[in-house]
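Colleague: Quick one: the structure is below, questions incoming.
Please treat every number below as a calculation from the coordinates, not as lab data. Small disclaimer: the values here were computed from a predicted structure and weren't measured. We place every Cβ from the backbone using ideal geometry, glycine too, and count neighbours over all the protein chains shown.
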Amino acid sequence: MKSIPFILLILSLSLTSGCSWLGWGDDETSGDDAAGYTERDFYEKIQSSLNASNWTVAITNLQLLESQFPFGKYAEQAQLELMYAQHRSGAHEDAIVAADRFVRLHPQHPNVDYAFYVKGLSEIAQTTGFFDSFMPTDTTLRDIGTARDAFGTLTELLSRFPKSPYAADSRKRLINLRNQLARSEIHAANYYFARGAYLAAANRGRFVVENFQQSPAVPDGLAVMVQAYYMLGMQELADNSVKVLAANYPEHPSLDETGAFGYEKRLLKTNDSILGKITFGLIKRPQPPAFDTRNIYNKAVRDSESTQNDDESADQGRSIWSWVTFGLAD
């Protein structure tokens, strides 16, 4: 046990020193080392780093190449590869800046659509966090500024270059971004309900219905409009919204068998408040209206929940011996 602090010290020193004692980063080229390099020498070394996914070294050499041969044969290609390497290394802000710079300097370049594509990918990457790969998170609850930026970038790519080789993938990503933006509007409407800002909630619901048609959030957008108009005393508008909801989404859980809207329903699962727990349920704060039917209308969410339920069922059927041996003795 006494060796544990020593091991931790060695690991920390290796991280702070860039793991140079393991030989990592030996291929990095400094300005002095590259004094005799031709432009082709640079480019070949860069390609070797890119093929080996050594993004840090590739970025350093690409920047050196551009500084030493700003008008060379490989200058424009190096700028494209620099933004790609920055994106792959996780330096998304740098990749966005590099893409904007390329579009500004080379608006008529045959590969300018690639700059838009990498910029959009980097903006999408900024909408996710480090732990999203390890645990389920709801990205629609976060700030949607970068998602909106990505939506605008990929939309511009498709409008300017509809036949781009990156158009098909961009359309798929736009659908997902569109759904995220629509769902974030419903979250905002639920927040306004909690604050008693019913007109603001109605505007959010109407915005989803008018601007995000065919997205999984439209049924909740209509339900938000119904509830908000009802609470504002605008019964005619509420009734008209109910008719649209019942005609297009009769299975919405806020509707009963006759198509009547349940104004007192709460579609979000809410835990007991702290006040309710302290008073053992004697004092309960009434829950405001809230809508979220992604488990019904969003195929991705349905598939995710189905997979999660299957995994839970499989885990419940495992023996203790299976857990101890990590499934090797199954």
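Colleague: In nm, to one decimal, how far is the Arg104 label point from the Leu199 one, both placed 7 Å along Cα→Cβ?
Modeller: My value for the distance between the label points is 4.1 nm.
Colleague: Also, I was wondering about something else. Could you give me the ³J(HN,Hα) list for the range 157-170, computed from phi with Karplus coefficients 6.51, -1.76, 1.60 and θ = phi - 60°, whole Hz, x at Gly and Pro?
Modeller: Those phi angles translate into 4, 5, 6, 8, 9, x, 9, 5, x, 9, 5, 4, 5, 5 Hz.
Colleague: Select from Ala85, Pro165, Ala95 the residue farthest towards the positive end of the dipole of the range 58-195; place +1 on Cβ of Lys and Arg, -1 on Cβ of Asp and Glu, and compute about the Cα centre.
Modeller: Pro165
Colleague: Please work out the FRET efficiency for the pair Asp41 and Val97, using the Cβ-Cβ distance as r and a Förster radius of 22 Å; give the result to the nearest 0.05. Mind dumping the intermediate values first?
Modeller: On the way: r = 27 Å, r/R0 = 1.24.
Computed FRET efficiency for Asp41 and Val97: 0.20.
Colleague: Can you tell me how much longer the chain between Tyr191 and Gln63 gets when fully stretched, taken as 0.36 nm per residue apart minus their C-alpha distance, in nm with one decimal?
Modeller: Computed gain between Tyr191 and Gln63 is 41.4 nm.
Colleague: Please report the spacing between the Cα centers of the range 56-120 and the range 216-251 in Å, no decimals.
Modeller: For the range 56-120 versus the range 216-251, the Cα centre distance is 48 Å.
Colleague: Could you check the simple spin-label distance between Thr258 and Ala52, using points 7 Å along Cα→Cβ, in nm with one decimal?
Modeller: That separation, rounded to one decimal, is 7.5 nm.
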